[in-house]
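The values are calculated or read from the model by the stated rules, or taken from the named source; none is laboratory data. Quantities reported herein were computed from a predicted structural model and do not represent experimental measurements. Backbone-built Cβ (ideal geometry, glycine too); neighbour counts: all protein chains shown. Ligands, DNA and RNA are stripped out before the accessible areas are found, and what is left, the full protein with its side chains, is counted by its heavy atoms. Shrake-Rupley method; radii C 1.70, N 1.55, O 1.52, S 1.80 Å.
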Amino acid sequence: MKFFLLLSFIGFCWAQYYPQTHCRGTSIVHLFEWRWVDIAKECERYLGPKGFGGVQVSPPNENIVVNDPPRPWWERYQPISYKICTRSGNEDEFRDMVKRCNNVGVCIYVDAVINHMCGTGNRAGTSSTCGTYYNANDRDFPGVPYSGWDFNDGKCNGEIYNYNDANEVRNCRLSGLLDLALEKDYVRGKVADYMNHLIDMGVAGFRLDAAKHMWPGDIKVILDKLHNLNTQWFPEGSRPFIFQEVIDLGGEAITSSEYFGNGRVTEFKYGAKLGTVIRKWSGEKMAYLQNWGEGWGFVPTDRALVFVDNHDNQRGHGAGGASILTFWDARMYKMAVGFMLAHPYGFTRVMSSYRWERNIQNGQDLNDWIGPPNDNGVTKEVTINPDTTCGNGWVCEHRWRQIRNMVAFRNVVGDQPFSNWWDNGSNQVAFGRGNKGFIVFNNDDWALLTTLQTGLPAGTYCDVISGDKIDGNCTGIKVYVENDGTAQFSISNCAEDPFIAIHVESKL
């Protein structure tokens, strides 16, 4: 009863920091560039049954259509209007997706592009995903409508060059994109109307794109205008979950902490540092992860949204550089995501990607612009293969057994404390989550064979990395926990997945 009351308190009073209790899982997945019809199916057939709490969807509002290069992913971040009309689908399909996902306990979080409209380099016309006319050079966006009065040209008539000048970062144009004057009540009202339209459909929260380029006070005024969540799925008085894209690697004028009053922030140092450790670059070792989290200079755990990679930095954009691990580095990537999902720090987001043909020259991927799998610009269906992986060019990391089972691990261990840390002084480490779960990694160049205190009840457990518990049997490695809570672990340095994870619900 006390736990229920705590969750109720969180839901009503701290919703911008914690997802609603209706969202059953403790992790969300970014289904990058998926169609709404495919997300609806995925919620019902996979995400709900496998314990995912929510989906971050690509921006649903109308954007420019870019044909040179042909239909890049980044066209989604150049708005034309707030009509729900993109290559992912129309408003009816979006509404149906939200309903179907909510009905199976999977919440929808919208990537909200509210800092800007499209760039000045775009000519006037109707080359947009819904055919709405616009004229960027004249600041004319009748689909909203916005005019020249609604942009920051009077404050700054150029690009951002100096990231040590907070005024320039927040008032000038990011990559040529027309910067909205969010201090104006009219603009705030139009943005809030768009977000409220989505909330009324059943959306549970928002990722605020480019939050670093907006004044925290302007964001707060907009958030204060937002409706409570739809009572068809959420308790009365529930507020949207908010996480803000703030790239703060240190050394600039703007810091993540300025945005804590509005909601969580994206902790970009997390993936950059964890990638460096797993790659064993710069002398880093997994043994150093014992104080992972705030001890590494990250934001407080209750203000952090964390991820190994995102749609930007897996392409070399944004923050993190070459250390970022992605599906291209599958063995190390699975270890990094496994560590993230086992560790208590932050609220976790899993990436789900598509493949593209890379063209690496001088460390830069010249094909970093390529959009989702498509036929003549029409996004392809996410097909499911007999082995449950995805086809048609979709990677679907969230369906990899190792990642899907670690999402379940995080659900099982809940708020159990970090416990029973062990390391060999190098890259073999282990830790538990109270008496609910235990995980062991071998990222060294030699085998691991040792007995460790797991903190778990005695019994035989199924390792959820190498296999699944099915009908009381295990398709992978079995781990035997003694009466004193200890177990022997053996992990080859040549193993396809050099880590083992067990939890109380994997007990045979």
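Across the range 136-174, what is the total count of residues that are of a type in the set (Val, Ile, Thr) and out of contact with any His (no Cβ under 8 Å at 6 or more places or on another chain)? Counting residues in the range 136-174 that are of a type in the set (Val, Ile, Thr) and out of contact with any His (no Cβ under 8 Å at 6 or more places or on another chain) gives 1. Looking only at residues of the range 410-444 that are under 22 Å from residue 275 (Cα atoms) and free of Cβ contacts under 8 Å to residues at least 40 places away in the same chain, we find that the one that is surrounded by the fewest Cβ atoms within 10 Å (Cβ to Cβ) is 422. For the range 239-287, a residue qualifies if it is surrounded by fewer than 20 Cβ atoms within 10 Å (Cβ to Cβ), farther than 24 Å from residue 338 by Cα, touching a residue at least 24 places away in the same chain (Cβ under 8 Å) and polar (S, T, N, Q), and exactly one does: 257.
Looking across the range 380-432 at every residue that is outside any strand (DSSP E or B) and among the aromatic types (Phe, Trp, Tyr), the one that is nearest to residue 340 (Cα to Cα) is identified as 409.
Scanning the range 191-220 for residues that are touching a helix residue (DSSP H, G or I) at 6+ places or on another chain (Cβ under 8 Å) and either modelled with pLDDT under 95 or open to solvent by 50 Å² or more (accessible area, probe 1.4 Å) (or both) yields a single hit, 215. In the range 52-97, counting only strands (runs of 3 or more DSSP E) that sit wholly within it, the ones holding 3 or more residues that are hydroxyl-bearing (Ser, Thr, Tyr) span 79-86. Under the condition of being at pLDDT below 95 and among the hydrophobic types (A, V, I, L, M, F, W, C), the residues counted in the range 143-159 number 1.
Taking residues in the range 322-342 that are within 17 Å of residue 298 (Cβ to Cβ), and partners anywhere that are open to solvent by 20 Å² or more (accessible area, probe 1.4 Å) and outside any helix (DSSP H, G or I), the pairs with Cβ atoms closer than 7 Å and at least 6 places apart or on different chains are 323/281. Considering the range 130-152, the residues that are open to solvent by less than 30 Å² (accessible area, probe 1.4 Å) and part of a loop (DSSP other than H, G, I, E, B) include one that is nearest to residue 74 (Cα to Cα), namely 132.
Within the range 176-209, the set of residues being touching a strand residue (DSSP E or B) at 6+ places or on another chain (Cβ under 7 Å) and over 30 Å from residue 235 (Cβ atoms) comprises 176, 177, 178, 179, 180, 181, 187.
Listed by first and then second residue, the pairs linking a residue in the range 364-382 that is open to solvent by 20 Å² or more (accessible area, probe 1.4 Å) to a residue that is of a type in the set (Phe, Trp, Tyr), with Cβ atoms under 8 Å apart and 6 or more places separating them unless they lie on different chains, are 367/356; 369/73; 369/74; 370/73; 370/356; 380/394. Scanning the range 390-412 for residues that are farther than 15 Å from residue 502 by Cβ and of a type in the set (Val, Ile, Thr) gives 395, 403, 407. Within the option set 322, 287, being part of a helix (DSSP H, G or I), under 30 Å from residue 444 (Cβ atoms) and either in contact with a strand residue (DSSP E or B) (Cβ under 6 Å, 6 or more places away or on another chain) or modelled with pLDDT of 95 or more (or both) holds for one residue only, 287. Residues in the range 295-326 that are closer than 30 Å to residue 494 by Cβ and crowded, with 19+ Cβ neighbours inside 10 Å: 306, 307, 308, 309, 313, 314, 320, 324, 325, 326. Within the range 460-471, the set of residues being loosely packed, with under 15 Cβ neighbours inside 10 Å and of a type in the set (Gly, Ala, Ser) is empty.
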